[in-house]
Each structure stands twice: as C-alpha cells, then as structure tokens.
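Remarks on the structure that follows.
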Amino acid sequence: MSHVGIICPNTPGHINAMVGLADATRARGHQVTFFLLGEPPESITTAGFEIVSLGGAVFPPDQYRVEFQRLGSLQGRAALKQTLSIGARAADAILEVGPTVVRAAGVTALLVDQASFPGGTVADQLGLPFATVCNAILLHPDPDAPPYVTHWQPRDAGWARIRNRIAWAGLNRLYTPILTRIQNRRRQLGLSIPSDIAQVWSDKLQISQQPEGFEFPRRALPPHVRFVGPLQLSVGYQSVPFPWERLDGRPLIYASLGTLQNRIAGMFRVIAEACNGLDAQLVISTGKGVTPEALGELPGNPVVVSYAPQMDLLLRSTIAVTHAGLNTVLEALSIGLPMVTVPVTNDQPGIAARVAWVGAGEVIALKHLTAQRLRAAVARVRSDSSYRTAAERVRNSIQAGGGAPRAAELIEQSLGLKA
C-alpha cells in the first residue's frame with residue numbers, strides 16, 4: 001500500500017478540495033496523511049485522515065491564525081501582498097520542518113497544492129514522486145492569458161499580450177521572497193535551481209479542479225496539466241444546521257463572501273439593500289469573519305447565518321451572489337446556476353473574469369459596488385435565460401471531467417502508486 005502525503009494551505013477552499021481528493025485516493029487502497037500549518041481542521045479529522053503539524057517553532061498555529069485573521073480584513077493588492085507574506089513564512093516552515101516529518105511518517109509520494117510552492121522541494125529532497133494539485137485557479141504564466149489577479153478577459157491582439165506580459169512580470173516580482181527561499185534551499189541540497197515559480201511544480205502531473213470549459217485559451221500550458229473539474233467528496237460534506245423553517249417559498253438568492261475575505265461587513269449590507277424588493281428571499285452566509293448579530297437588522301430581513309449548507313441552498317436558488325471564490329463558483333456551475341460576482345482579491349478577479357467570459361454571470365468590481373449596480377446586475381442575470389444556458393454548458397464540462405475519482409486514477413498512474 002502506498003502512503004500519500006498532502007501539503008496544502010490550511011484554508012477551507014484548499015482543504016475541502018484536498019479532502020475530496022484524499023477520499024478518492026483512499027478509496028483506491030492508499031493511506032493518506034495531511035501535513036499542515038495551523039490548527040487541525042475538523043473537516044479532515046471527521047473524514048478520518050491523520051494530520052501532522054508542519055509549523056513547529058518556525059510558524060506556530062497561533063501565529064498562522066493571526067496572519068489569516070488580518071488577511072480577512074484586507075482588499076485588493078494589500079490582501080494579495082499579505083497572502084504572499086504568509087506564503088513566505090509558510091515556505092520557511094515547510095522547508096525546515098517538512099522533510100523531517102514527511103520522512104518520519106513513511107510517506108512514499110506527495111500531493112502538493114500549487115500554492116504550497118516549497119512542497120516540491122520537500123519531495124525532491126526525500127526522493128519522492130509528487131503531483132501538483134491546482135485547487136485555486138491555474139497560476140501558470142502565459143502571455144495569452146491575463147494574470148489571475150486581473151479582471152481582464154483574453155484578447156487576440158498584440159497590445160493585450162504585451163499587457164499580460166507586463167502584469168505577469170510584476171506578479172513574478174511579488175513571488176521573489178518565496179522563490180528565493182526555495183532556490184537557496186535547493187542550492188544547499190545540490191538540487192536543480194528553478195529560475196521562476198512555474199518550475200517548482202511537478203513535471204509529472206498537474207491536476208486542475210477547473211473544468212476545461214472554464215479556462216481561458218492557452219498555448220503555454222505544460223502537457224501534463226489535466227483538467228478534471230471540482231474535487232469533491234462522493235458522499236458530500238458534514239451537514240450544517242440551518243433554519244429551514246424560515247424559508248417562505250419565494251425564489252432564493254444565495255450570497256456568500258467565502259471564508260477568508262469576509263470581514264468587510266459593509267458588503268453584506270449592500271447585498272441586502274440590492275436584493276430588497278426583488279420578489280425573492282435572500283440568504284446570507286457570513287463565514288467566521290463576521291457574526292450575524294454584528295450585522296444588525298438588514299434591509300428586507302434576509303436569513304443570515306454564520307455557516308450554511310451551501311450546496312443545498314444553491315440547489316434551491318435562482319442566482320448566487322459571490323466573491324468569486326473558486327469552490328463556490330464551481331459548486332454553482334456544477335448545477336448550472338448563474339451568478340453575480342464581486343471579487344475582493346487574490347485569484348478572485350480572474351475567476352470572476354472567467355464567469356463573465358463563459359457568459360454565466362456578471363462582474364462588479366469592488367470599488368464600483370453599490371446597491372443600485374448590484375440590484376441591476378442581479379435582475380438582469382435572473383431574467384435573461386442566456387446566463388443559465390451558459391452556466392449549464394460549464395456544468396456539462398464539469399460532468400465530463402471526472403472529478404476526484406479521475407484525479408486519483410491519474411495520480412496513481414503517474415506516480416506509480418501501488419495498492
């Protein structure tokens with residue numbers, strides 16, 4: 001039996017996808033262990049997987065939590081810089097602690113989240129095969145594809161490719177503190193030195209949980225990138241209590257700003273104002289950043305909860321209003337549900353741009369968000385069937401991808417895992 005280790009950021013968007021992949025990998029007869037910074041997530045322990053701490057004294061769990069709490073109150077470039085600052089501290093811990101704990105666990109192969117940049121170096125140091133798992137939007141630089149931090153859509157024009165190159169170069173400069181740490185460690189170990197961040201990912205297999213129909217046209221992707229669609233548990237996730245008795249039979253609008261950048265309380269009030277009077281009932285999930293009580297009384301008296309059974313509510317909804325986190329967007333698209341996106345930071349602008357590009361919804365930049373603009377966008381998306389038709393096309397692409405079971409099969413083949 002092969003023993004597969006998983007290294008990924010300890011945030012719900014990455015953890016939920018990795019739990020789905022871990023479950024599919026375990027179903028094929030392999031042992032799976034998570035190696036994580038921060039505090040052990042209940043979703044992993046509930047699923048029956050072991051967790052080994054990566055932080056040690058380099059990046060203790062309490063400091064990891066504080067850094068992400070700060071991230072939750074930031075927007076735009078400030079939030080991106082905070083994310084990469086966390087990544088630099090994470091790199092120190094993974095490079096220092098990772099080899100020791102992974103070796104001690106007896107791991108025979110690694111699955112490394114694309115955003116856990118040093119994970120491949122841990123694998124190379126220990127002589128382990130590894131695959132990259134792209135749980136966020138693809139981070140691969142490509143002059144044909146606008147960077148994931150931008151709201152641009154692809155244009156077949158020379159000026160657009162020049163713009164993309166300049167933006168990718170700027171983004172690569174922000175990676176420098178992380179890349180330098182990796183280069184220095186690999187130099188000490190006598191390993192090959194990556195010249196850019198794309199060279200830290202697996203040269204055997206890179207799994208993307210995007211469906212192929214939800215990615216911009218590209219010419220520079222490695223041939224071993226495989227689109228499989230959302231990585232989800234086959235039996236669903238742990239049930240979440242919800243006051244179903246408060247639903248009054250009107251069409252539903254579901255709104256969520258995710259689990260990280262959700263401490264911008266004013267956005268929830270804008271959403272409530274926009275949806276008030278639309279002959280629909282609004283359900284808001286605030287995440288752990290803002291309590292429902294802290295929002296006070298909102299226009300239209302929406303149902304406001306900290307956590308919601310998201311998929312169950314999306315299935316009942318006519319539209320989703322979201323920050324364009326990839327998991328929420330893919331869950332909506334998997335059932336052909338259109339949406340209005342208000343991206344906040346990191347890869348959310350790029351995800352929102354793809355929603356608009358495939359025709360499955362509209363985008364409102366955070367700096368332009370008003371109740372009036374959001375109300376108009378929600379009304380258009382609800383009334384124009386073309387948005388739902390486009391979302392259903394992506395749904396079909398998701399169904400064709402194979403999801404976590406297909407990803408586990410590809411991993412087994414590429415890494416030579418033995419049951």
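Summary of computed values
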read-out: Close pairs (7 angstrom Cβ cut-off, 6 or more residues apart or separate chains): over 30 Å from ARG26 (Cβ atoms) and in the same structural domain as ASP279 (by TED's automatic domain parsing) in region 228-256, modelled with pLDDT of 95 or more and in a loop (DSSP other than H, G, I, E, B) anywhere; value: ARG250/ALA280; PRO251/ALA280; LEU252/ALA280; ILE253/ALA280
read-out: Answer from GLY5, GLY38, GLY13 - the residue that is under 20 Å from the mean Cα position of the chain (by Cα) and either part of a helix (DSSP H, G or I) or among the aliphatic types (A, V, I, L, M) (or both); value: GLY13
read-out: Only listed residue being under 16 Å from PHE227 (Cα atoms) and touching a Phe, Trp or Tyr at 6+ places or on another chain (Cβ under 6 Å), chosen from ARG354, ARG406; value: ARG354
read-out: Spans of helices (runs of 4 or more DSSP H) in region 80-190 with at least 3 residues more than 27 Å from ARG65 (Cα to Cα) and touching a residue at least 24 places away in the same chain (Cβ under 8 Å); value: 119-126
read-out: Candidate set: region 378-400, residues that are in contact (Cβ under 8 Å) with a residue 40 or more places away in the chain and among the basic types (Lys, Arg); chosen: the one nearest to LEU330 (Cα to Cα); value: ARG395
read-out: Residue count for region 286-301, restricted to those that are out of contact with any helix residue (DSSP H, G or I) (no Cβ under 7 Å at 6 or more places or on another chain), of a type outside the set (D, E, K, R) and not in a loop (DSSP other than H, G, I, E, B); value: 1
read-out: Residue list for region 187-240, restricted to those being of a type in the set (Asp, Glu) and exposed (fewer than 13 other Cβ atoms within 10 Å of the Cβ); value: ASP196, ASP203
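For every residue, the table says whether it meets (1) at pLDDT 95 or above; (2) in a helix (DSSP H, G or I); (3) of a type in the set (A, V, I, L, M).
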site	(1), (2), (3)
THR345	no, no, no
ALA352	yes, yes, yes
LYS367	no, yes, no
VAL381	yes, yes, yes
ARG388	yes, yes, no
ALA391	yes, yes, yes
ILE411	yes, yes, yes
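The values are calculated or read from the model by the stated rules, or taken from the named source; none is laboratory data. These figures come from a predicted structure and were not determined experimentally. No Cβ is skipped: glycine too gets one built from the backbone with ideal geometry, and neighbour counts run over all protein chains shown.
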